[in-house]
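Step one of this worksheet: look at the structure below.
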Amino acid sequence: MELLPKPLAIIIFIFLTIRFSHCEGDNSEQYNFTICSTNMQLSCGDFKNLPYPFWGESRPEFCGLRDFKIHCGDNYHHPVIQINGLDYLILDVSQSNDTDSMTLARSDLWDGPCSPKYFDTTLDHNLFRFAPTVENLTLIYKCQKQIHQEFVSHGYSNFTCGDDGGNVETVYYANDSLVSNLGGSLRACGNVIRVSISKSTTGLVGVKEALKEGFDVEYDHRFRMACGACERSGGKCGSNVTTSRFLCFCRVGSAEDSVCPSRSGIGLFSAFVICCFKNKILALMSITFWENLTDKNDRDLEEFIRSYAYLNVQRYAFSDLKKMTKSFKEKLGQGGYGEVYRGKLLDGERLVAVKVLNASKGNGEDFINEVASISRTSHINIVTLLGFCLEGSKRALVYEFVPNGSLEKFIHNDNRSETTPSLEWHELLQIGIGIARGLEYLHRGCNTRILHFDIKPHNILLDEDLCPKITDFGLAKLCPRKESIISTLDGARGTIGYIAPEVCSRNFGGVSHKSDVYSYGMMILEMVGGIKSIREADTECTQKSGGYFPDYIYKHLEADSNFTPRGVKTDEENEIARKMIVVGLWCIQTMPSDRPSMTKVIEMLEASLEALHIPPKSFMSTPIASSLELQLTKSSFSSSAVSN
């Protein structure tokens, strides 16, 4: 006997599961609602009402988010926030439609750059990112006198600092492009730090003034959007202090999907009945729900819907996507998982890219992977997921629009067309560093690592400033931070030519974040190689010299200290190209333990060439590489496991 009609059972079950996980009578939730209601005004210095997610002073932590704690400095008229162990003065807080930002200044440099803490200005990239208006300034202290002339000849500026004993020190400063020309000369100086300033102050004011002007840092505007939705529903914004996850405190219970349930009329009576008989009702609905829902794929996707409330992304109807894209009029591209269309959000202000997934692809795992992984991210080098659609077999993802398209068309631009100009070497280096920063962010997550498993030029997008953004998380895996090795992996993942050896055969070690490092290394070598793809270059090298592409590069680099990669015209370009090659060779070491972390990769790319050394030749030679490719070709991997 059918207890309830199937559609009704599904709707009620999901509604109950998401909406009524907390019942009336939860005194702690009511307490939090009351406290956050009475402590909404957070004033500090010249700021009279700091908005959510900031907390501190009289506002308790559960009324904000953990990493946005502020305190009122005794000697300043500004609130102070600590990031990566350094105190920053908050000079301004700005909120717009799609960006929230604050202007910061280092407190140790507020009174001048003569007595700093010798630490670089860095951010916790899980939460913050530098605005595009920011550039780095390098301050160089305690230098030997004999290199003074070299600094002057390279265009460095300087200022003097004195101490109480009458000693005077000359401090040099320059932007990053000048610093890279010095090479090993910086070793003659005692301390070198990188500080952030606004580009608008460069050359117009002195160092002290530029440091006081501060620099802009962006943070996720979805915190404010969630808070706005919460307050419009009658709730108060807060967080779970254990998980640091957003919570909307309601008069009755709390909601993790940003909106308090309606409490008027029948709603109040329903809430009372449901709270009193929740367990029995849920048990009854569970039986009806699972008896009627027998298809495994549907169960997987409905399970995802139940957890969707925790994700900071918008759910759209398929009809909304048709309006955004004008019935999918302008196609941007097509891949193994679906087609991408250009569109605009319904408010008409923001361009988006709508990725419509093929209905025939797998059981929805790629869709769940992408939404579950990328919705946890907020980083300048990770493409932003704005929303998704899930209506039966119709699945789509809504991303920010990235105007310059994929890196692949730039580095494989055989015809050097005007619409896709070739990249300069310094641009390639900065793109490589940006991708590395994005991967570092994914790999070092606070609670969960994200392993991408498909790093390649096609999955790197470039914005109008050629800032790289990692995309396509369909093969990604979430890994608990405490677990460095993935114990189970259902088949090989990735694209042939970029897949790490251990992903194909556990004889090479465990699958971990080092598998992404390998793919990154192959991509870096491909960026240096330019026109031909890894596999095309591999074939050519095998035909000409019986060698494997990285092996071919290694032999030339080892045999000829003056080896110059193709397309290099100047000494500076040669240093960049050789440095990228050395880093690439380190990343593709056969054993995962021999590869550097992405943090180390960034250090290597930002160091001088003379500070690096060529790795031992332990990466795969042709027979092993060919054997693995043969395994991939013959294996019965699912279509979602190996992409084209």
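Every number in this text was worked out from the coordinates using simple rules, so none of it is lab data. These numbers were taken from a predicted model, which means no experiment stands behind them. Counting neighbours? That spans all protein chains shown, and the Cβs are built from the backbone with ideal geometry, glycine included.
Anything over 19 Å Cα to Cα? Flag those among 117/212; 555/617; 326/409; 331/355; 331/409, in the order listed. Numbers along the way, then the final one.
On the way: 117/212 16 Å; 555/617 9 Å; 326/409 26 Å; 331/355 10 Å; 331/409 16 Å.
Check vs 19 Å cut-off fails for 326/409.
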>> Over 20 Å between Cα atoms: which of 329/456; 142/208; 323/344 fall into that group?
In response: 329/456
> Given H placed on each backbone N at 1.01 Å, which residues far from residue 247 in sequence or on other chains put an amide H within less than 5 Å of it?
Replying inline: 238, 239, 240
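Would you list 225, 598, 604 from fewest to most Cβ contacts within 10 Å? All intermediate terms of the calculation are to be shown ahead of the outcome.
Numbers: 225 16, 598 24, 604 19.
So the residues, fewest neighbours to most, are 225, 604, 598.
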